[in-house]
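Report on one structure; see the data block that follows.
What follows draws every value from the coordinates through simple rules; no lab data is involved. It should be emphasised that the depicted structure is a prediction, and the values quoted were computed from it without experimental measurement.
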Amino acid sequence: MKGRVTKVTRIISVFLALLFMSSEAQAERFSGSFSSGVDSEYLVKPGFIVYNKPMWWNNLRLEYDGWYVNLWGSLGIDSERGTFGDEGDITIGKKFTAAGCNIDISGSYFALADIGEYSNDLYIFDAHANFPEKIPWITPWVAARYFGSVGENSPRAGWFGWVGFERLQPLGFQLPLQDQEFAVNFDAWAAFSMGGAFGGDAGPVYTRLKASTKIIINEDNFITPWIMWHAPIQGVGNYLDGEHHFIYGISFTHSF
C-alpha cells in the first residue's frame, strides 16, 4: 500500500505544482470541470477490456488559454484491489486551430495497478484532429497514440491510429424540464495498429459505435448517459478477447 500512496502523492504533487505556476495568470481566463462516472466495464482506447466489471472514475480538468491539465483516477467496484481498474493518470495538453482543423496534442503518464511498482506504468503521447464543416452532416476526425514503456513489465511500446466521424442528431422533441431539443451524439470509428504495441500485429483492430446525450441540470451541471457497441476484427492481432461488447455508463459533470 505504501507504494501506491507514493505514486498518488507524486501525481498530485505534479498537478498542484502546475496549478500553482498558473495562478499568476488572469483568473477570468481559467475554466475547469469535475466529472464523476460509473462504466459497466473498463474498455481502453486500444480496444481491449482491462477490467470486465463496473468501475468508478473521477476526472478534474483545468484549462487556460488552450492549455489544459487532467487528473484522472479510477477504481474497480469490487472487493479486490490491485486490478487494472485501479489507475491514476495525469495529462497535460494543448488545443488550437490551424488550417480549419481543431487540433489537440497531449502527453500523459499512466500509473497502473501494481502496488509499489512502476514497472507496468505507461507514458503516452496523443494527437487528435477534427475537421468541422469539411463534409456535410458529419465531422470527420483522425487520431494517433504512442504508448511508451516505463519498466520491464510495461506493455510493449508502439503506435495506434484511429479514423472516425461524429454527428449530433436532434430528435425533434424536448425531455421534461429541458429547454433545448433532445439530441444524440453519434461517434463511429475504426482502430488500427502499426504493429508492436502490446505485443500485437499490424493491421485493423476493431470498430466501434457510441451514442451519448447531455441532460442539462443547470448552467454549470449536466449528466451524460452513453452506450457503446464494440466489435473486434476477428483473426487480426492479439489485443482482443474476440467477443463483441455492449458497454454503457453515466457521468455527472460540474463546470466552473
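Quick notes on this structure:
- Computed from backbone phi, the HN-Hα couplings of region 186-195 come to 9, 9, 10, 7, 10, 10, 9, 10, 7, x Hz, rounded to whole numbers (Karplus: 6.51 cos²θ - 1.76 cosθ + 1.60, θ = phi - 60°; Gly and Pro given as x).
- Gain on full stretching of the segment that runs from Ala211 to Ser31 - 0.36 nm per residue minus C-alpha separation: 62.2 nm
- Taking each residue as 0.36 nm, the span from Phe165 to Ile223 lengthens on full extension beyond its C-alpha to C-alpha distance by 18.6 nm.
- Fully extending the segment from Ala190 to Lys94 would add 32.1 nm, taking 0.36 nm per residue of separation and subtracting the current Cα-Cα distance.
- Taking amide H atoms as placed 1.01 Å from N in the peptide plane, the amide H of Ala157 lies under 5 Å from those of Ser149, Phe198, each 5 or more residues away in sequence or on another chain.
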